[in-house]
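What follows is a short report on a single structure.
The values are calculated or read from the model by the stated rules, or taken from the named source; none is laboratory data. All values derive from a computational prediction rather than experimental measurement. For neighbour counting, all protein chains shown are included, and Cβ atoms are generated from backbone atoms with ideal geometry for every residue, glycine included. These area figures cover heavy atoms from the full protein model, side chains too; ligands, DNA and RNA do not enter into them. Shrake-Rupley method; radii C 1.70, N 1.55, O 1.52, S 1.80 Å.
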Amino acid sequence: MKTRLTPPFTPVQAAELAAASLSDTLAAVAGTTVARRVVALEGTPGRWLPRGFDVIGQRGAGLDERIAWALADARVTLPLPVVLIAWTPRR
């Protein structure tokens, strides 16, 4: 859940808002015409993940390492158009 949203929201409200934000973001990405959609995920995807996404494991300590590993594991060769969307739930 998003701890920086509490207050003014309760922890439950913050978690619901974060889930809605993730759902909206994934729906927007799913509606694009792209060669590939990849989610680097720590854990197992749930019903919240739309079809059409490749899932790879997330690894690395900090955000910089996680981004570098996600690009490497997705076999992205730069420079080519890449859009990175970071969404990190707070625990």
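When the residues of segment 1-10 are filtered to those that are open to solvent by 60 Å² or more (accessible area, probe 1.4 Å) and hydroxyl-bearing (Ser, Thr, Tyr), the one that is farthest from VAL39 (Cα to Cα) is THR10.
Of all residues in segment 34-63, those that are part of a loop (DSSP other than H, G, I, E, B) have Cβ atoms under 8 Å from Cβ atoms of residues that are open to solvent by 50 Å² or more (accessible area, probe 1.4 Å) and acidic (Asp, Glu), 6 or more apart or on another chain, in ARG36/ASP54; ARG37/ASP54; GLN58/GLU42; ARG59/GLU65. Scanning segment 65-81 for residues that are at pLDDT below 90 and either assigned to a helix (DSSP H, G or I) or closer than 24 Å to SER23 by Cα (or both) returns a single hit, PRO81.
Here is a yes/no grid of residues against (1) among the hydroxyl-bearing types (Ser, Thr, Tyr); (2) out of contact with any Cys (no Cβ under 9 Å at 6 or more places or on another chain); (3) under 22 Å from ALA68 (Cβ atoms); (4) surrounded by 10 or more Cβ atoms within 10 Å (Cβ to Cβ):
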site	(1), (2), (3), (4)
VAL12	no, yes, no, yes
GLU16	no, yes, no, yes
ALA20	no, yes, no, yes
THR25	yes, yes, yes, yes
ARG37	no, yes, yes, yes
GLY43	no, yes, yes, no
